[in-house]
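All remarks here apply to the structure that follows.
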């Protein structure tokens with residue numbers, strides 16, 4: 001299976017919770033890491049590291065790296081870039097097959113505010129992908145994209161070094177501690 005990383009662009013202080021949710025979505029649905037481009041936010045970093053320490057990984061988190069440098073390095077290593085945008089080609093149809101046929105690592109760009117025009121260009125994105133062509137949350141776009149990319153199998157993958165785990169229940173909640181905390 002090819003690696004998927006998420007590049008979060010456009011983080012603002014009021015985006016703290018949403019950026020954290022983008023990272024949680026990425027981790028839970030099979031991405032290997034998240035890069036918070038161009039900015040640093042120690043609060044987001046603490047939240048993600050805490051989740052990985054409790055619920056397992058691996059899941060990497062990097063921040064402060066310029067988006068252009070990150071994308072150029074990814075592409076130089078043979079990876080492809082998918083920009084999630086309401087203006088792109090709809091995810092239905094042949095688009096996911098085209099992405100998978102490349103058989104390469106995928107970087108998924110997820111914005112939060114108006115992204116630079118360059119993101120839509122062939123110099124940056126191999127694919128501009130829309131999950132429906134309507135405005136909605138970047139978390140939902142990322143979740144749908146990852147689920148389709150991994151064919152729904154990612155929801156059954158386990159995480160290494162977890163200290164806690166949920167036991168599925170028809171009613172109620174059951175959390176078990178797997179190791180010392």
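Any chance you could give the angle, 0 to 90 degrees and rounded to 10, that helix 42-55 forms with the longest Cα principal axis of the chain?
Helix 42-55 and the main axis of the chain meet at about 50 degrees.
Give the angle, between 0 and 90 degrees and rounded to the nearest 10, that separates the Cα long axis of helix 67-76 from the longest principal axis of the Cα atoms of the chain.
80
From largest to smallest, what semi-axes in whole angstrom does the chain give when each is the square root of 5 times an eigenvalue of its alpha carbon gyration tensor?
Largest first, the chain gives 27, 19, 16 Å.
Could you state the number of Å between the C-alpha centres of the range 10-50 and the range 100-149?
After rounding, the separation between the Cα centres reads 16 Å.
Rounded to the nearest 500, what is the 222 nm mean residue ellipticity of the chain from helices alone, with -39500 (n - 2.57) per DSSP H run of 4+ residues and division by all residues?
Value at 222 nm, helices only: -9500 deg cm²/dmol.
How far is helix 138-149 tilted off the main Cα axis of the chain, in degrees rounded to 10, range 0 to 90?
90
Where a number appears in this text, it was derived from the coordinates with a stated rule and is not lab data. Predicted model only: the values in this text are computed from it and were never measured.
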